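The values are calculated or read from the model by the stated rules, or taken from the named source; none is laboratory data. This is a predicted model, so every value here is computed, not measured. Note that each Cβ is placed from the backbone with ideal geometry, even for glycine, and that neighbours are counted across all protein chains shown.
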Amino acid sequence: MNNKRILIVDDEQDIALTLSEGLSEVGYDVKAFNDPALALSEFKAGIYDLLLLDIKMPDMTGFELYRKIKEIDSKVNVCFITAFESYHEQFKREFFPLENVKGFIRKPIAINDLTKFVDKII
């Protein structure tokens, strides 16, 4: 067990569940939310080693959620999950420098590819 904690926020329940189960199986402690507002309300600084945030969600985008979470924990590491490449350029414009952004994960992703990616980051 590696005891590293990951927060997943994706409005698609099946994706959040699949990512959560896959990362849990290899030893990560994972908490998943489908509602970004609920994830924000329960977020505490210093708890998570990595956030995996979907970009396109109703009511609050992953970018907006990240901005609000950074107000609570300025050192939190994040990877964004998206099916759309165009968000990367938008993110660079809005959030440069990218010191806490560890990457963009393109959907769909195989669980073993995701775990290799996460293992490299944390």
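Descriptive notes on the structure:
- Qualifying residue in segment 25-38 (condition: of a type in the set (Phe, Trp, Tyr), within 11 Å of the chain's Cα centre (by Cα) and over 9 Å from Leu7 (Cβ atoms)): no
- Close Cβ contacts (under 8 Å, 6 or more residues apart or on different chains) running from residues in segment 57-68 that are more than 17 Å from Ala16 (Cα to Cα) to residues that are in a helix (DSSP H, G or I) and of a type in the set (Asp, Glu) comprise Phe63/Glu94.
- Cβ-Cβ under 8 Å pairs, at least 6 apart or on other chains, segment 97-111 side at negative phi, far side at pLDDT 85 or above and of a type in the set (Phe, Trp, Tyr): Val101/Phe80; Phe104/Phe80; Ile105/Phe80; Ile105/Phe117; Ile109/Phe117
- Subset of segment 14-29 (residues that are in a loop (DSSP other than H, G, I, E, B) and loosely packed, with under 15 Cβ neighbours inside 10 Å): Gly27
- All strands (runs of 3 or more DSSP E) inside segment 31-106 with 3 or more residues being in contact with a helix residue (DSSP H, G or I) (Cβ under 8 Å, 6 or more places away or on another chain), modelled with pLDDT of 80 or more and under 19 Å from Ile121 (Cβ atoms): 50-54, 78-82
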